[in-house]
1. Give me the pairs, please: first residue somewhere in the range A:241-255 and among the polar types (S, T, N, Q), second residue anywhere and surrounded by fewer than 22 Cβ atoms within 10 Å (Cβ to Cβ), beta-carbon distance under 7 Å, and either six or more positions apart or on two chains.
2. What number of residues in the range B:18-58 are within 14 Å of chain A (Cβ to nearest Cβ), surrounded by 18 or more Cβ atoms within 10 Å (Cβ to Cβ) and closer than 19 Å to B:S78 by Cβ?
3. Go through (1) within 14 Å of another protein chain (Cβ to nearest Cβ); (2) at pLDDT 95 or above and name the single condition B:I151 misses.
4. Which condition breaks for A:I95 when tested against (1) more than 29 Å from A:I247 (Cβ to Cβ); (2) at pLDDT below 95; (3) hydrophobic (A, V, I, L, M, F, W, C); (4) surrounded by fewer than 22 Cβ atoms within 10 Å (Cβ to Cβ)?
5. Just to verify a result, which residue in the range B:59-103, among those that are assigned to a loop (DSSP other than H, G, I, E, B), open to solvent by 40 Å² or more (accessible area, probe 1.4 Å) and touching a Leu at 6+ places or on another chain (Cβ under 9 Å), is farthest from the other protein chains (Cβ to nearest Cβ)?
6. Taking the condition of being in contact with a helix residue (DSSP H, G or I) (Cβ under 6 Å, 6 or more places away or on another chain) and modelled with pLDDT under 85, how many residues in the range A:480-517 meet it?
7. Please work out if A:S70 is without any contact (Cβ under 8 Å) to a residue 12 or more places away in the chain, surrounded by fewer than 19 Cβ atoms within 10 Å (Cβ to Cβ) and more than 14 Å from chain B (Cβ to nearest Cβ).
8. Out of the residues in the range A:342-379 that are open to solvent by 40 Å² or more (accessible area, probe 1.4 Å) and assigned to a strand (DSSP E or B), which is farthest from A:G52 (Cα to Cα)?
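The values are calculated or read from the model by the stated rules, or taken from the named source; none is laboratory data. Since this is a predicted model, take the numbers as computed values, not measurements. Here Cβ is always computed from backbone atoms with ideal geometry, including for glycine, and neighbour counts include all displayed protein chains. Calculation scope for accessible area: heavy atoms of the full protein, side chains included, ligands and nucleic acids excluded. Shrake-Rupley method; radii C 1.70, N 1.55, O 1.52, S 1.80 Å.
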Amino acid sequence: MIRNKDGINFDEGIPLVDLTEFETLYVQCHEKQQIEFISWLTDSTSPLLVGGQIGTGKSTFINKTFSDSSIYPDLTFHFDQDSIDIFENNPLIIIVKEIIIKALNENIDLSFTNPLYELTDGQVSDWQNLIEIFQLNDFSLNVYNIKKNIAQKLQLNEDFVLGIMREVISRIEGKMGHKIFCFASGFDKYSKANVEFYFLNSVSLFLSKYKTLFEVNAVHIFDNTWALKSCQKIFLSSLNNDIVKEILKKRMGVYSFSIDEIINNLCALSGGNLRQALRLLTNYTMMKYNYETLESCLIATAKKTSQDFFAFASRPSEELMKYIFKEKIISATTISLPGDKETAQRSIYQNWIFIYEHFEGDKWKVDLNPLVQHLFLNSNEITNYETVLLNSYAQSNQISSYGLTFGNQLQSKTPLVEELKKSLSDSYVFNTAEILHMISAALLSTDRTDRIIIAYRDKEITEVVRDYIFAKANSFEYQSFFHTEIVMSDISVQNQLLEAIKKNDVNIYSFSFSSGLNDNDIEVVDKMRDVFLSYQMIWWLQIDDLKYYLPKWTQLRQLFEIFILEDELLASINKNEIEEDLKAYSELKLKSKNISITMGSLAKVLLWLKGKE
Amino acid sequence: MLTNREQIKAEIWLKIIMLAFSPSKQDDIFTWLSCYIRSIPKFWEIEFSPARNPLNATIENQFINISYDYKIDSLSKSVINVFVHRSSEKYILWSHDIDKSYYSLPSNSILSMLKSTSRNKEEIINEEIESVLDGLIFHPTVHQHIIDDNIFSAGASISNHEIRIGGCIDNPFLYLFQLRYQFCLLGSNRIEEKNRLIGLFSRVLKKKSTIQISAGELFGFSLSK
C-alpha cells in the first residue's frame, strides 16, 4: 500500500503493515494487550484468539506486534477471501494449500502419502499437481468444475485429509527444528450466523492443536459455543477519544489544522471505533462545502455515516439497546445466548453497541454506538434486560401458558415450566427448562422468516428438545407448525418436501432427515433452493450427515443458518445449574411417585448435560 | 549590457518556458493539463477526484479551503480564478487574466538581437538553472502573499509568508504550475520537487535539445533517460 508521507491517508479498512506505515500513522494503543501478545509469541505453544469488533484495528495490532517482536508466523492462512476462485473460499483447501506449499518449499519428501489420485478419481496425480491446479488462473467453466470437484472430494474426506496434514506439519517441524507457528487471519469476517462459519469449525479444531493465532471478531471472543471457546483470548476494545483524536490527526498529516474545530465532535461520534472515526472524517471532508454552518455539516456527516454503516443492517432488539443505554454494562453470558440472532451478537457484530473495558466478573462496559443512539431512546424503558430475555421473552410475545396439539405427530403437553412449578412447593424453576424455553423463543420468533438447520449428535436429546419446542410453538395462537420425517421410500425426497409444503398451509415447516439422504437426493435438494426461499423452515439433521451434505449443498447452504443443538445447550448452562436441577428433580421424584412423560424427558436432558459438563 | 552569465540565465529562462510550458496544439494542451491535474493528489498528498474535462477543470484543496479554475483559449488569452471557501460559500480571491493583445516586452526578440555568445554545454551549471527556476516557480521575483488567517491557520506547517503567488506571469501554463507548487503545504515534497525539476532541466538543457519536454516527464510520471 502506497501511503502519503505527510498528507492525507484516509484508506479506511486497510491495516498498517510495514515499518514506514507504522512510523507515519501508528498510534500506540492497547499496550497491555500488546505485552500479553508478545509474551504469548515468545513463550506459548497453545492457540490464542485476538479479537475485537469490526474497525478496532485488529490486523494493525497484530502486524505491529509481529514487527516489534520480529516474530512472524511460519504459516499464514487467509480465511477472509471473497474470491471468484472456489478454492480460495474453502477453509479446508486454504489449509491444505498453505501446508503443502510450505512443505514443498522446505523440500519435505511427501512421497509417504499420495491419496490424491484415488481421492479425486484421477483428476490430481500428486501434491505438486494439486498446487499447480491451485495456481491455475484460468476462470473457464471447465477449470471451475475441476476445482469444485476436487474441493468436494477433499471436503468429504476432511478427517482423512486433516490427518495427512498433521503428519506433514510434523515433518515440517522436524525440518525447521521448532514447533510451527500458524496465523489464521480473517476469522473475524465470519458472522456466527453465516453457514460458512460452520465450515471453519473442524479447521479451527485442527489448528488449535498448534501454536495458532486466530484473528476473530468480538462475538467469537465471548462465544462459548464454538470450537475455540477455551483458548487464551486477547480482547481489543473500543478506544478512548484521545487516542482516536491522535489517530485522526495523523491521518490528516500536515492538514490536521483544518479539522481543529470539528475533531472533538468526530471523535465523540466515533464511539472509539477507528473505522467509524475514519469514515466520519472522510464524509466530513467530502461534505464540508455543502453546508452553511459547522453544526449542520456535522449533523449531515453523522447521518451519512450512519447510512453507510446501518442502512441495510438488521436492527437488534429495542429492549437490549435501551438496557445498554441505561446500564452501560453487558454480561458475557448475554452475548452468547442460544439462537441469539436479534439481540446481543447482532448488535456487537454489526457495531450497534461498542464494548469498552472489562468491568468485573463476566461484566463488560458497553455503550450504544453514538451514531444510532437516537433510534432507540424514545420508547419505554426496560429495567433488566437479562430478566426480560430469560423469563419473559415468550410471554411478551403473547405466548399463552399452555401448549396445543398439532397433527397426529405429538401428544398434547403442558409446558414444562408450568408443570414443574405446580409439582414443587417452592416453585423451583428448572434451569434446563429455562434454556429450552429460550431456545424455543429464539428459533420460533415470529420475526424470523428464515431457515435453520438444527444439527445434533444425540437423537434422544434432540427429540426431547423438539417436543418442547413444538409444544411451545403451538402456544402461539397465530403461529402454525408442521413437522414430518422425511424418509427413504418410493416417493422421492423432493416430492415429500413439496407435498408437505403444498398440503399444509402453516407458518413453519419442520423436517427431520434422520434416515439420511442418498447422493441423488442431496443433489436434487440443493437445486430446490429457490423453492424454499419464501418458507420458514427448521431442518433436523444428524451432525455427521450434515458434514457430508454441506460440501454438496453449494446453493442450499447460502439459505440456511446452522444451529448445533448440543453446543447451544452446553454453552447456556453451567455445572452448578445442572446440579441444582438434578437435586430438584430427585426431590420431585421423592414427592411424587408418578413422574410424567415430560419430566422423564427432562431427566434425560439433565443426565446428558451432567455427563458432558 | 548583459554579462555572459546573465545572458545564459536569460536564455535558460526562455528555454524552460518554451520547452515545458508552451504546448500549442490542442492535443498537447489537453495532455499537459491532464498530467497537471493527475499530478496534484500525489504532490499535495490529498484525496482528489480527477476532472473529467482537463480543459475546464476546478482544482480544489478542501483541506486549506482553496480552489482555482482556469480557462485557457491560447497561450495569449486565458484566465485563472482563485477562490477561498467558507462553509458552503465560495469567494473569489483574485482573477489572473492574460491578454497578449495588449503590448508587453518582447523578451524573445530582444534576446535574439543580442549577440549570441559561443559556449559549450558545460557552461550551463545547475546553480544557474536553480536560480532561474526560483524566479519562475519556487520564489517568483514579483509575488503576493495571502494574508488571511482563515485560510492558513496557525496550525499549518507552512506559513502565509512561504506561499508566494507569482505576479507578472504571462504564460498560463507556468502560472498554473507555480500555483501547484505554492499551494503545496508539504515541505519535503517541495524540496523533492525542486530537486527533480533542477535535475530534469539540467539534463535537457545540457543536451541543447529543442524538443519539448513531455508533460509526463514534466510532472514526474516517467523517468528521464
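1. As it stands, the answer is A:N241/A:A268, since those pairs meet every condition given.
2. Step one: filter the range B:18-58 for residues within 14 Å of chain A (Cβ to nearest Cβ), giving B:39-49, B:58.
With the extra rule that they be surrounded by 18 or more Cβ atoms within 10 Å (Cβ to Cβ), the set shrinks to B:39-40, B:43-46.
Narrowing the set further to residues that are closer than 19 Å to B:S78 by Cβ leaves B:40.
Number of matching residues: 1.
3. With respect to (1) within 14 Å of another protein chain (Cβ to nearest Cβ); (2) at pLDDT 95 or above, B:I151 is out only on (2).
4. Only one criterion is unmet by A:I95, namely (4).
5. Only one residue tops the list, namely B:K100.
6. 1
7. Working: without any contact (Cβ under 8 Å) to a residue 12 or more places away in the chain: yes; surrounded by fewer than 19 Cβ atoms within 10 Å (Cβ to Cβ): yes; more than 14 Å from chain B (Cβ to nearest Cβ): yes.
In short, yes.
8. Applying the filter and picking the extreme gives A:E360.
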